[in-house]
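A short worksheet on the structure shown next.
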Amino acid sequence: MQLDELDYKVLELLIKDGRKSFTELAEELNVSVGTVRNRFNLFVEENLLTIIGRVNPEKIGFHTYAQILIKVRPVDRVSEVAERIATLPEVSFLAMTTGAYDLEVNVMCRDNDHLVQLMTTQITKMDGIYESSTNIYFKVYKYAQPDLYLCLLYTSPSPRDRTRSRMPSSA
């Protein structure tokens with residue numbers, strides 16, 4: 001799906017506040033409500049956009065956030081192991097990686113005991129897991145969506161044009 005400047009503007013506003021109505025978005029962008037609704041529906045149909053409520057994990061009792069790096073042996077079982085790990089409710093992020101480990105897993109646990117239980121009774125017991133390394137995040141300083149304008153780095157003629165398009169117009 002090829003995105004235009006209006007698509008990026010709609011998406012940027014929704015990232016800032018996914019609760020905005022189509023009417024509010026249309027007013028801010030100076031387009032019709034139908035235009036916003038059609039683009040929104042297309043974004044959802046194309047699986048480009050999902051509107052969710054994001055909770056603050058600490059506020060609801062998850063005080064241990066950790067990264068688990070996993071080596072899988074034999075290596076051709078990476079997808080199989082990843083599919084099993086993905087079913088664990090504590091998993092918030094899972095990716096195949098390059099480097100010394102095959103998988104990176106981020107988990108949210110109530111506390112350190114919960115993390116120890118998860119590691120010792122579930123993750124390290126899975127067939128195919130050869131080695132793991134766990135790092136606890138002491139403090140998360142930023143958790144965000146990427147800046148949509150980074151996508152324009154390869155489509156915009158110059159950095160100056162990208163900067164100008166993001167700046168509010170002066171009257």
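The table below gives the values:
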| read-out | value |
| --- | --- |
| Residues within segment 1-37 that are assigned to a loop (DSSP other than H, G, I, E, B), among the charged types (D, E, K, R) and surrounded by fewer than 11 Cβ atoms within 10 Å (Cβ to Cβ), tallied | 3 |
| Flag for Leu94 being within 30 Å of Gln2 (Cα to Cα), part of a loop (DSSP other than H, G, I, E, B) and either in contact (Cβ under 8 Å) with a residue 12 or more places away in the chain or out of contact with any Lys or Arg (no Cβ under 8 Å at 6 or more places or on another chain) (or both) | no |
| Qualifying residue in segment 101-110 (condition: open to solvent by 70 Å² or more (accessible area, probe 1.4 Å), farther than 30 Å from Tyr8 by Cβ and modelled with pLDDT of 95 or more) | yes |
| Filter result (β-branched (Val, Ile, Thr) and exposed (fewer than 14 other Cβ atoms within 10 Å of the Cβ)) within segment 128-142 | Ile136, Val140 |
| Residue in segment 46-71 that is most open to solvent (accessible area, probe 1.4 Å), counting only those that are in contact with a Cys (Cβ under 8 Å, 6 or more places away or on another chain) and assigned to a strand (DSSP E or B) | Tyr65 |
| Output for segment 111-127, where each listed residue is farther than 17 Å from Phe62 by Cα and open to solvent by 50 Å² or more (accessible area, probe 1.4 Å) | Thr120, Thr121, Gln122, Thr124, Lys125, Asp127 |
| From Glu45, Glu90, Glu131, residue being closer than 30 Å to Tyr8 by Cβ and at pLDDT 95 or above | Glu45 |
| Ala82, sole failed condition from (1) of a type in the set (Gly, Ala, Ser); (2) within 18 Å of the chain's Cα centre (by Cα); (3) surrounded by fewer than 17 Cβ atoms within 10 Å (Cβ to Cβ) | (3) |
| Options Glu27, Glu5: the member that is touching a residue at least 12 places away in the same chain (Cβ under 8 Å) and charged (D, E, K, R) | Glu5 |
| Near pairs, Cβ below 7 angstrom, 6+ apart or cross-chain, from segment 131-149 (free of Cβ contacts under 8 Å to residues at least 40 places away in the same chain and closer than 16 Å to Met108 by Cα) to any residue that is of a type in the set (Gly, Ala, Ser) and exposed (fewer than 12 other Cβ atoms within 10 Å of the Cβ) | none |
| Top-ranked residue of segment 51-67 - restricted to ones that are among the hydrophobic types (A, V, I, L, M, F, W, C) and in contact (Cβ under 8 Å) with a residue 12 or more places away in the chain, ranked as farthest from Ile129 (Cα to Cα) | Ile51 |
| Failed criterion for Ile70 (all others in (1) out of contact with any helix residue (DSSP H, G or I) (no Cβ under 9 Å at 6 or more places or on another chain); (2) in contact (Cβ under 8 Å) with a residue 60 or more places away in the chain hold) | (1) |
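Results for (1) under 17 Å from the mean Cα position of the chain (by Cα); (2) among the basic types (Lys, Arg), shown as yes or no for each residue.
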{"site": "Lys16", "(1), (2)": "yes, yes"}
{"site": "Arg19", "(1), (2)": "no, yes"}
{"site": "Glu27", "(1), (2)": "no, no"}
{"site": "Val33", "(1), (2)": "no, no"}
{"site": "Glu45", "(1), (2)": "no, no"}
{"site": "Asn56", "(1), (2)": "yes, no"}
{"site": "Thr64", "(1), (2)": "no, no"}
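The values are calculated or read from the model by the stated rules, or taken from the named source; none is laboratory data. Please read all numbers here as calculations on a predicted model, not as lab measurements. Positions of Cβ are backbone-derived with ideal geometry, glycine not excepted, and every protein chain shown enters the neighbour counts. Remember, those area values only see protein heavy atoms, side chains included, never the ligands or the DNA or RNA. Shrake-Rupley method; radii C 1.70, N 1.55, O 1.52, S 1.80 Å.
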